[in-house]
Structure formats: C-alpha cells, structure tokens
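> Here it is, the structure, as structure tokens.
The values are calculated or read from the model by the stated rules, or taken from the named source; none is laboratory data. Remember, it's a predicted structure, so these values are computed and weren't measured experimentally. Here the Cβ positions follow ideal geometry from the backbone for every residue, glycine too, while neighbour counts run over all protein chains shown.
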Amino acid sequence: MTSAAYLPLLIQAVLALGVGLTILAVNRLARQRVKSSSPIKDTPYECGVKSEGIVHTRFSVKFYITAMLFLLFDIEVVFLIPWTFVYRDFLANNIAILSPMMFFLFVLVLGLFYEVKKGVLNWEK
C-alpha cells in the first residue's frame, strides 16, 4: 500500500484535532472572566430557587445491582437477536442450533430464578 492510501485517514485525524482545539479555544475566549463577589452566585440552583440540603445524594447499592442485572440481560438479548436471523439458514444446512440456544436460555432463566430467590429485585428490603 502506498502512503497516498493513508491520506484520508490523515485528513480525518487533522480535522478531528482541529475541531477539538477550536472548541477548546472558543471556550477559553468566551468564558466568564469576572470573579463573583457574592458566594450565592456561584452556588448551583434549580429554576432560580436556592438549593437546600445535600446537593449530591448517594444512590443505594440496590440501584447499581439492578442496573448491572439489566445490562446483563440486555446483553443476552443482543446474543439472541442474531440467532433469530440465522436460524432458518442453519436448519437448511442441517446444523442443530436449537439445543445450544435452549441451554443458553435455560442458564438465563436459572440465573433469573436465583436472583428472585436471593431477593435482589426486592426494593422494600
């Protein structure tokens, strides 16, 4: 391959770097330069109302566990979608694909029952 084949890649990299640096330069030029004499102006607020209490509340661990379980089962669905598209082709070529997928689904359902048994999905606990 000649070096001319890499020219579009070089142009894209230069443009990406140029856009990034331009955004940073405009941000630096347009930022607020006046220091506030009032500490109230620098506090976060919602719709003009002064915030009360803790600004950053901590989330419960249950939230993160539920989010991870959602991602886990969402990824499993991503594995099932291509299987549905190629199932007919595998049948035409006499390739057994139903048994491995049923085992895959069995492991998923077994994991779901385990989660329910352990009470992971109970928010009141």
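> Can you find a residue in the range 73-82 that is surrounded by 10 or more Cβ atoms within 10 Å (Cβ to Cβ) and more than 27 Å from S60 (Cβ to Cβ)?
yes
> Shifting gears a bit: Out of V116, V86, V120, report the one residue that is assigned to a loop (DSSP other than H, G, I, E, B) and either at pLDDT below 85 or surrounded by 10 or more Cβ atoms within 10 Å (Cβ to Cβ) (or both).
V120
> Which condition breaks for V55 when tested against (1) modelled with pLDDT under 70; (2) out of contact with any Pro (no Cβ under 9 Å at 6 or more places or on another chain)?
Result: V55 passes all but (2).
> Answer yes or no: is there a residue in the range 12-20 that is at negative phi, modelled with pLDDT of 80 or more, of a type outside the set (G, A, S) and exposed (fewer than 10 other Cβ atoms within 10 Å of the Cβ).
No; the residues of the range 12-20 include none that is at negative phi, modelled with pLDDT of 80 or more, of a type outside the set (G, A, S) and exposed (fewer than 10 other Cβ atoms within 10 Å of the Cβ).
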